[in-house]
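Chemist: The structure that follows is given in the form of structure tokens.
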Amino acid sequence: MPCALAVHGGAWNVPDGDVDPHREGIIEALKPGWDLLRSGSSALEVVERAVCTLEDNPTFNAGHGAHLNQAREVQLDASIMEGEKLEAGAVAAVQRIRHPVSLARMVLELSPHVLMVGDGAHNFASEHGMELCRQRDLLIGRELDRYLRVRDGEDDLVIREFDKDPLDIHFGTVGAVACDSKGHVAAATSTGGTQDKLPGRVGDSAVIGAGTYADDRSGAASSTGWGEGILRMTLAKAGIDRMASGMSPGRAGQAAIRTLNRVQGKAGLILVDCRGHASAVFNTPRMARGIATLDRGLLVGVDRRMTRP
Ligand code: ASP
């Protein structure tokens, strides 16, 4: 049975100097994920593990290294879904969780709910044995510096997140999608949200259908980019619906990204289908991404072209 994996580290205006760390970070998640998938691990297990690796890497805006909101807090969103029973779990605006994707999986497996937020999610985590961290465990100097620059009036850091100029803009939600050797698919997404967001703002990454979707009848998808546009066009589900109607992941992804034109959306999407094909598409200047399939092997890229790791 074919298997496939795709991971992303955000679709945005990645500055030249950040291209190499993004590429390295993608390889660090893609290679072990692919090995696990090839040795029989489930798609759900692999997407969680790959996203945990990316959450730990401060290069990316997720987990450790996430953006600060206007109140100088880290607030994280994540979701995960599996395609056999369509079970899903998500958390939003959590502040003391090192691996929001793992908490999302706990919501999927251990609660009757799909989406939990804030303190309720923290309590749920502790009740189920997940250790809470401190805000400062998630904070890195780069993000504090960016917070202070925005407060000092550097508006470009906020309003040009997805445009070509200026280059000094940091984004980088992370995600993974996989099809395993049993033909089951899964998707996961995790983020620190957008630069200078209002406290309590939740983006697409916590929302099933927008940031994450998986269905064994068609495939799995994970989004990244400007959440307010992705939410309104339910981007991940837009890609899935097109795969359900017979399109390849590449064509389905391109068609889904085109729907963003109505809201001037900027985003990227990774997709796998249930036959072991994978693709990554984007309309931002760059997207950190990697795909692994049996027929094409491993491919990684931040610019348009993808190459072997
Ligand atoms: N989509 C995320 C959000 O809006 C941000 C990102 O993908 O970089 O929260």
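The values are calculated or read from the model by the stated rules, or taken from the named source; none is laboratory data. What you are looking at is a predicted structure, and each value in this text was computed from that prediction instead of being measured. Just so you know, the surface numbers come from the protein's heavy atoms only, side chains and all, with ligands and any DNA or RNA stripped out. Shrake-Rupley method; radii C 1.70, N 1.55, O 1.52, S 1.80 Å.
Chemist: Can you work out ³J(HN,Hα) from phi for every residue in the range 203-216, in order, using Karplus 6.51 cos²θ - 1.76 cosθ + 1.60 and θ = phi - 60°, giving whole Hz and x for Gly and Pro?
Modeler: Ordered by residue, 3J(HN,Hα) equals x, 5, 5, 9, 10, 5, x, 8, x, 8, 7, 8, 8, 4 Hz.
Chemist: Cross-link candidates for LYS31: which aspartates and glutamates have Cα within less than 18 Å, leaving aside residues fewer than 8 places away along the same chain?
Modeler: Within the straight-line cut-off, LYS31 pairs with ASP20, GLU45, GLU48, GLU55, ASP56, ASP180, ASP295.
Chemist: Ok, one more. I'd like the carbon and sulfur percentage of the solvent accessible area for the chain, probe radius 1.4 Å, heavy atoms only, ligands and nucleic acids excluded.
Modeler: Solvent-exposed carbon and sulfur of the chain make up 48 percent of the total.
Chemist: Something else: Probe of 1.4 angstrom, ligands and nucleic acids ignored: what's the accessible area per residue over the chain, in square angstrom?
Modeler: 38 Å²
Chemist: Straight-line reach from LYS237: which lysines have Cα under 19 Å away, leaving out those fewer than 8 places along the same chain?
Modeler: Within the straight-line cut-off, LYS237 pairs with LYS85, LYS266.
Chemist: Output the relative contact order of the range 1-101, whole-number percent, from Cα pairs under 8 angstrom with separation of 6+ residues.
Modeler: 20 percent
Chemist: Counting only helical runs of four or more DSSP H residues, what would the 222 nm mean residue ellipticity of the chain come to if each run contributes -39,500 (n - 2.57) and the total is spread over all its residues?
Modeler: The helix-only estimate for the chain comes to -10000 deg cm²/dmol at 222 nm.
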